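Step one of this worksheet: look at the structure below.
The values are calculated or read from the model by the stated rules, or taken from the named source; none is laboratory data. All figures in this text were calculated on a predicted structure; none of them were measured in a lab. FYI the Cβ positions are ideal-geometry reconstructions off the backbone, even for glycines, and counts take in every protein chain you see.
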Amino acid sequence: MARDRDPQCKQCRREGEKLFLKGERCLTDKCGIERRNYPPGEAGQNRRSKQSEYLLQLREKQKARRFYGVLEAQFRRYYEKANRQPGITGENLLRLLECRLDNVVTRLGFAASRRQARQLVSHGHFKVNGRRVDIPSYQVRPNDVISLKDKSTAEQAVRNATDLVASVAPWLQADYDQLSGTILKFPERSDIDTPVREQLIVELYSK
């Protein structure tokens, strides 16, 4: 299974803001952004890139791709699918990314990061509507119920992750006693707090 193996703290530093790629560590003073708030590389502190229109669009696309933990080819396919759907392409794109099972597991608070969620799902620790699903990109739908597999060896790790939860997205409902969650509806743009300007991504791919 292909995955992004680049250093995670460097990705946040390159984008200039926290993408919360390392879970609990991102909430401490050990966070890469807190320690070195400048781009990685030997000339990172002195780098003065010209902020061209293309560069701004590229950075937004890279930020979104890294935030959700998807590779370039897969991200492009999400855009093409979003472009074929009725409505606003940028919002469709974010909705598709939000409805990935690994993202939902993270949003529910059952994993400290999307990378951990991807691993838990891949190892078959979660069920959707009572059936085991081990595909991180699986698209959830309203009324789907996500739950931890019975007697899962990851139960303690999941409960530890729930301790970090401040709030749950309004399109989701979580039950931390039973370690299950329900998809109440498809997310609207106002429900998504992803720090990207999706219109710039649309402009990039529209060229």
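Being hydroxyl-bearing (Ser, Thr, Tyr) and over 30 Å from Arg76 (Cβ atoms) is a condition met by at least one residue of region 155-175.
Can you name the number of the only condition in (1) in contact with a Gly (Cβ under 8 Å, 6 or more places away or on another chain); (2) modelled with pLDDT of 95 or more that Val168 fails? Of (1) in contact with a Gly (Cβ under 8 Å, 6 or more places away or on another chain); (2) modelled with pLDDT of 95 or more, only one is false for Val168: (2). Evaluation of Asn160 against the conditions (1) modelled with pLDDT of 95 or more; (2) outside any loop (DSSP other than H, G, I, E, B) shows that the sole unmet condition is (1).
Considered as a group, the residues in region 123-137 that are loosely packed, with under 13 Cβ neighbours inside 10 Å and part of a loop (DSSP other than H, G, I, E, B) include one that is farthest from the chain's Cα centre (by Cα), and that residue is Gly130. Tallying residues that are in a helix (DSSP H, G or I) and small (Gly, Ala, Ser) within region 46-96 yields 4. Can you tell me which residue in region 141-157 is surrounded by the fewest Cβ atoms within 10 Å (Cβ to Cβ), limited to those that are touching a Lys or Arg at 6+ places or on another chain (Cβ under 8 Å) and not in a strand (DSSP E or B)? Selected residue: Pro142.
Let's see how each residue does on (1) in contact with a Cys (Cβ under 8 Å, 6 or more places away or on another chain); (2) over 18 Å from Tyr68 (Cβ atoms):
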| position | (1), (2) |
| --- | --- |
| Phe126 | no, no |
| Arg131 | no, yes |
| Asp150 | no, yes |
| Glu155 | no, yes |
| Ala169 | no, no |
| Ser180 | no, yes |
| Phe186 | yes, no |
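I'd like the residue in region 178-206 that is within 22 Å of Gln119 (Cα to Cα) and either loosely packed, with under 12 Cβ neighbours inside 10 Å or within 16 Å of the chain's Cα centre (by Cα) (or both) and, out of all such residues, is modelled with the lowest pLDDT. Selected residue: Thr194.
Looking at region 63-122, which of the residues that are acidic (Asp, Glu) and in contact (Cβ under 8 Å) with a residue 12 or more places away in the chain is surrounded by the most Cβ atoms within 10 Å (Cβ to Cβ)? Outline the logic, then answer.
At the first step, the residues of region 63-122 found to be acidic (Asp, Glu) are 72, 80, 91, 98, 102.
Filter once more, keeping what is in contact (Cβ under 8 Å) with a residue 12 or more places away in the chain: 91, 98, 102.
On the way: Glu91: 18, Glu98: 21, Asp102: 26.
Going through the qualifying residues, I end up with Asp102.
Close contacts from region 195-207, counting a first residue that is more than 12 Å from Ile88 (Cβ to Cβ) and without any contact (Cβ under 8 Å) to a residue 24 or more places away in the chain and a second that is of a type in the set (Lys, Arg) and part of a helix (DSSP H, G or I), with Cβ to Cβ under 7 Å and a gap of 6+ residues or different chains, come to none at all.
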